[in-house]
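Trainee: Below is one structure. I have some questions about it.
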Amino acid sequence: MTATVALLLDSVRLLMARKLFVITLGISALLVLIYSMIGFDENGLSLAWGLFHIESDIWVKDSPGARTMLLGIFSTFIASIWLAWGATILGLISTATILPDFLSAGSIDLVLSKPISRVQLFLVKYAGALFFMIAQISLFCVGVFFVLGLRLGEWNFGVFAAIPLITALFSFIYCISALVAVLTRSSIAALLFALLFWFGLWIVQSTEQVLNAIATQQQVTAERSEARIESLEAAIVRRQEALEKAENPESLVETIASNPRRIESLKNQIEADRTRIVRLEQEAASAQNLGAALDRWHGAINGVLLVLPKTQQTLQLLDRAMDVDLQSEIENSMFNAQLEVAETGEFEDGAQTRMMPTVEQIETERAAAERIRDDYQSRSAFVTIGSSLAFEVVILGIACFIFVRRDF
Amino acid sequence: MTTVQAQAIDIRQVRKTFRGGVEALKGVDLTVSPGEIFGLLGPNGAGKSTLVKILLTIVKPSHAEGRLLDGAVGDKRVLRRVGYLPEHLRFPDYLTGRQALDYFAALAGMDRSARRRRSPELLDLVGMSEWAGQRIAKYSKGMRQRLGVAQSLMNEPDLVFLDEPTDGVDPVGRRDIRRILEHARDEGRTVFINSHLLGELEMVCDRVAILVQGSVARQGTMDALTSGQRAFVIRVAQETTQEQISAIAQAAARSVGSIPLETSGSEFRLESENPAGAQPVIDAIRKSGATIIGMQLRKPSLEELFLQTVGDTADAAGARIGKSRSKRGDGKQRSAK
């Protein structure tokens, strides 16, 4: 226990001595300060503690819009961009030297000559490196927690979910740095491979998202086309019945209604519906084929992703913890605006629309976006974190095995 | 009834072959008694550091038998009672001297109160009290080495390994470190030193071992190692003529019998450590009328002993190689026939 405490305390001293730690902390403090500048009153949004004012009906004091905005800025921008990218990169740079320095000749000899097991040494040193993120995020979350409490009157403890989630995200990448450090004892190699791995993860996850989006969109297109076909077929049946009655009237009313123009119109509508059905069938078949092909690729990439850390999905868990979904709010607003334009055929400034998607296309996109969002939100947090941690455990196990067996 | 005190180090057949087939140690047998200062010498690449690292679990042996204090070689628990100063020690630069002592003593399992008590004592002993609150980044090499020595003694070890302890230290510092080592021995600690500075070792070591090409070529006390190599050297005045010296040599050679007697300039060297053996030479000098200006029992220095051992081993290895080549050559000749 004495040795474990000493190792952890040493990690704290090491990080406190790093300029990057202080710089990162400074940036975090600045962001919290900027964040605290956003406020709400009865008439709208106030910025820079009331220095500027924006009139709004949605973002007023104690409104759901104000809550979504402030929480959404934290989860969608600050946590996702600063903590998950900026602070994590600075963290990787800052901690990349910890294990190589620890393993260097003249340093490791002395530590290994102490009565501590190598497994304990390695794991405690690794945990010490995670302190960089834990300390940074904790201080940041405390700041955000108080800003939210003072601005919204809502003491949202979900903010603190960022501490384990972002630390976990960092550790999924840092384990690669640790493995490379044990193999090469080079901090540059450790950092480079960690960043390359992260980039690779980003490619795999982005590919999965793109494939999922397109496959889902094709699936929705096919489903909506089939539904439309069914509705058109029903319309044809109705029109055929009407046509039959128009051509063979049995009552006076039917005789009055059955004039040649109506019969011609019904025939034309039936023909148009049949033409539309053929086009929709082609569209459905095409969407189904493409969707099925993409589904196979999506399944394969999902299989790959299953054994890899899921950084983006880990980050999305923060929205769930904070009970906020700014992304869906933004998407809904966007679709509503598009629908308005598509229905009126004009932009707000009176300009005519050209090349704008149809209402049908917008509705299809909205349905696909909702389904994709539901898909990711329904994914188990246990599987997301569990499978990512399993990856980390395997990598750390390999690194630890090498460290334990190595002669120094 | 007598009790036999266990050896501080008692190892047998320690072998290490690194990956790639480099055989660093070829079966080292070594004993170090409690409370002595033991020096391990050897040329570069002899395996000295590898041997120490095996004892400290830094390197895993291919084979090792024996004990370190009261534990088996490789038993981590025994390291609680062991101190170590590695060669080219690198302290974390961000720590102060006091923090470094505290950190490494805590890793050795020492409790906080003991660390707080011991730290100022040792800082004082190595003359670093004034610098204790400064970051190590500001220390000179000599200061780091002093701190390293203090660190090795923090956990009040029964056995201390010091790898080149005076490396980078000025003459005053070397003297101080020698005193610290002697002080440690006086406290009953066993000190095991690896060093290239043979003069330093000669001044403090009770026993030495010479490691050459992965094997212990010699080990014992300085007296034991140099016994049989001591000689009485008798010097006569410069005015003594060559005829007088020849006459003395002839007369003395008849008297000393089989004991080798050499003449070099105005010196007579008799290969014996028995004073009685030197008397006939003295008698011969007096009889010739020459003046004796000095007489001393001369023993080889550690450096001479070391060079002699390394040379002998190299010659033996050369002879083995020659023999082996010769055998292969014979084989070729035979097969050619």
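Trainee: Of the residues A:Leu280, A:Leu266, A:Leu305, only one is more than 30 Å from A:Glu247 (Cα to Cα), surrounded by 14 or more Cβ atoms within 10 Å (Cβ to Cβ) and touching a helix residue (DSSP H, G or I) at 6+ places or on another chain (Cβ under 6 Å); which?
Mentor: None of the others qualify; the one that does is A:Leu305.
Trainee: Yes or no: B:Pro34 surrounded by fewer than 21 Cβ atoms within 10 Å (Cβ to Cβ) and out of contact with any Leu (no Cβ under 7 Å at 6 or more places or on another chain)?
Mentor: yes
Trainee: Determine if region A:130-147 includes at least one residue that is in contact (Cβ under 8 Å) with a residue 40 or more places away in the chain, part of a helix (DSSP H, G or I) and under 20 Å from A:Val394 (Cα atoms).
Mentor: Yes, region A:130-147 has at least one match.
Trainee: State whether the residues of region A:123-142 include one that is out of contact with any Ser or Thr (no Cβ under 6 Å at 6 or more places or on another chain), within 16 Å of B:Pro92 (Cα to Cα) and modelled with pLDDT under 95.
Mentor: Within region A:123-142, one or more residues are out of contact with any Ser or Thr (no Cβ under 6 Å at 6 or more places or on another chain), within 16 Å of B:Pro92 (Cα to Cα) and modelled with pLDDT under 95.
Trainee: State which residue pairs qualify: first residue within 17 Å of B:Tyr94 (Cβ to Cβ) and inside region A:16-29, second residue not in a helix (DSSP H, G or I) in any location, beta carbons under 9 Å apart, and separation of 6 or more residues or different chains.
Mentor: A:Met16/B:Tyr94; A:Ala17/B:Pro92; A:Ala17/B:Asp93; A:Ala17/B:Tyr94; A:Ala17/B:Leu95; A:Ala17/B:Arg135; A:Arg18/A:Thr97; A:Arg18/B:Tyr94
Trainee: Pull up region A:121-134, narrow it to residues that are more than 10 Å from chain B (Cβ to nearest Cβ) and more than 31 Å from the chain's Cα centre (by Cα), then point me to the one that is surrounded by the fewest Cβ atoms within 10 Å (Cβ to Cβ).
Mentor: It comes out as A:Val124.
Trainee: Also: Please go through (1) among the small types (Gly, Ala, Ser); (2) within 14 Å of chain B (Cβ to nearest Cβ); (3) in contact with a helix residue (DSSP H, G or I) (Cβ under 8 Å, 6 or more places away or on another chain) for A:Ser138 and return the number of the only condition it doesn't satisfy.
Mentor: (2)
Trainee: Let me ask you something else. At least 3 residues that are away from chain B (no Cβ under 14 Å) and over 17 Å from A:Arg320 (Cα atoms) in each: list the helices (runs of 4 or more DSSP H) lying fully within region A:65-113 that qualify.
Mentor: Ranges flagged: A:88-95.
Trainee: Does region A:148-158 hold any residues that are surrounded by fewer than 14 Cβ atoms within 10 Å (Cβ to Cβ) and in a helix (DSSP H, G or I), and which are they?
Mentor: Passing the criteria: A:Gly149, A:Leu150, A:Phe157.
Trainee: Would you confirm whether or not region A:223-231 contains a residue that is at negative phi, of a type in the set (Lys, Arg) and more than 42 Å from the chain's Cα centre (by Cα)?
Mentor: No - not one qualifying residue is present in region A:223-231.
Trainee: Do we find a residue being within 12 Å of chain A (Cβ to nearest Cβ), surrounded by fewer than 19 Cβ atoms within 10 Å (Cβ to Cβ) and assigned to a helix (DSSP H, G or I) anywhere in region B:103-113?
Mentor: For region B:103-113, residues within 12 Å of chain A (Cβ to nearest Cβ), surrounded by fewer than 19 Cβ atoms within 10 Å (Cβ to Cβ) and assigned to a helix (DSSP H, G or I): present.
Trainee: Identify, from the list A:Val22, A:Val60, the residue that is among the β-branched types (Val, Ile, Thr), within 14 Å of another protein chain (Cβ to nearest Cβ) and surrounded by fewer than 21 Cβ atoms within 10 Å (Cβ to Cβ).
Mentor: A:Val22
Trainee: Of the residues B:Val204, B:Val191, only one is at pLDDT below 90 and either on the phi < 0 side of the Ramachandran plot or surrounded by fewer than 19 Cβ atoms within 10 Å (Cβ to Cβ) (or both); which?
Mentor: B:Val204
Trainee: In this structure, is B:Pro157 in contact (Cβ under 8 Å) with a residue 60 or more places away in the chain, within 23 Å of the chain's Cα centre (by Cα) and away from chain A (no Cβ under 13 Å)?
Mentor: No, not satisfied.
Trainee: Tally the residues that are under 30 Å from B:Thr17 (Cα atoms) and in contact with a Phe, Trp or Tyr (Cβ under 9 Å, 6 or more places away or on another chain), restricting the search to region B:220-265.
Mentor: Of the residues in region B:220-265, 0 are under 30 Å from B:Thr17 (Cα atoms) and in contact with a Phe, Trp or Tyr (Cβ under 9 Å, 6 or more places away or on another chain).
Trainee: Among A:Asp109, A:Asp101, which is in contact (Cβ under 8 Å) with a residue 60 or more places away in the chain, buried (at least 23 other Cβ atoms within 10 Å of the Cβ), closer than 28 Å to A:Ala6 by Cβ and charged (D, E, K, R)?
Mentor: One residue alone meets the criteria, A:Asp109.
Trainee: A further question on this structure: How about region A:388-408: which of its residues are within 14 Å of chain B (Cβ to nearest Cβ) and among the aromatic types (Phe, Trp, Tyr)?
Mentor: Answer for region A:388-408, where residues must be within 14 Å of chain B (Cβ to nearest Cβ) and among the aromatic types (Phe, Trp, Tyr): A:Phe401, A:Phe403, A:Phe408.
Trainee: In this structure, is A:Leu83 within 18 Å of A:Ala162 (Cα to Cα) and within 22 Å of the chain's Cα centre (by Cα)?
Mentor: yes
Trainee: Let me ask something else about it. In region B:204-322, which helices (runs of 4 or more DSSP H) lie fully inside it and hold 2 or more residues that are aliphatic (A, V, I, L, M), farther than 30 Å from B:Gly39 by Cβ and touching a Gly at 6+ places or on another chain (Cβ under 9 Å)?
Mentor: Once the helices (runs of 4 or more DSSP H) in region B:204-322 are filtered for at least 2 residues that are aliphatic (A, V, I, L, M), farther than 30 Å from B:Gly39 by Cβ and touching a Gly at 6+ places or on another chain (Cβ under 9 Å), what remains is B:242-256.
Trainee: Is there any pair linking a residue in region B:160-189 that is polar (S, T, N, Q) to one that is assigned to a loop (DSSP other than H, G, I, E, B), with Cβ under 9 Å and at least six apart or on different chains, and which?
Mentor: Hits for this filter: B:Thr166/B:Ser195; B:Thr166/B:Leu197.
Trainee: Something else about it: Checking the conditions here, which among A:Ser36, A:Ser75 is closer than 29 Å to A:Leu318 by Cβ and surrounded by 20 or more Cβ atoms within 10 Å (Cβ to Cβ)?
Mentor: Step by step, each of A:Ser36, A:Ser75 is checked, and only A:Ser75 is closer than 29 Å to A:Leu318 by Cβ and surrounded by 20 or more Cβ atoms within 10 Å (Cβ to Cβ).
Trainee: A:Phe382: more than 24 Å from A:Ser206 (Cβ to Cβ), at pLDDT 85 or above and part of a helix (DSSP H, G or I), yes or no?
Mentor: Considered against the rule, which asks whether it is more than 24 Å from A:Ser206 (Cβ to Cβ), at pLDDT 85 or above and part of a helix (DSSP H, G or I), A:Phe382 comes out as no.
Trainee: Then there is this: Got a sec? Which of A:Ser28, A:Ser46 is more than 14 Å from every other protein chain (Cβ to nearest Cβ), within 28 Å of the chain's Cα centre (by Cα) and of a type in the set (S, T, N, Q)?
Mentor: Answer to the check: A:Ser28.
Trainee: Within region B:179-193, identify whether any single residue is away from every other protein chain (no Cβ under 14 Å) and touching a Cys at 6+ places or on another chain (Cβ under 8 Å), and answer yes or no.
Mentor: The answer is yes; a qualifying residue exists.
The values are calculated or read from the model by the stated rules, or taken from the named source; none is laboratory data. Computed from a predicted model, the values in this text were never measured in an experiment. Cβ coordinates were reconstructed from backbone atoms using ideal geometry, including for glycine residues, and neighbour counts include every protein chain displayed.
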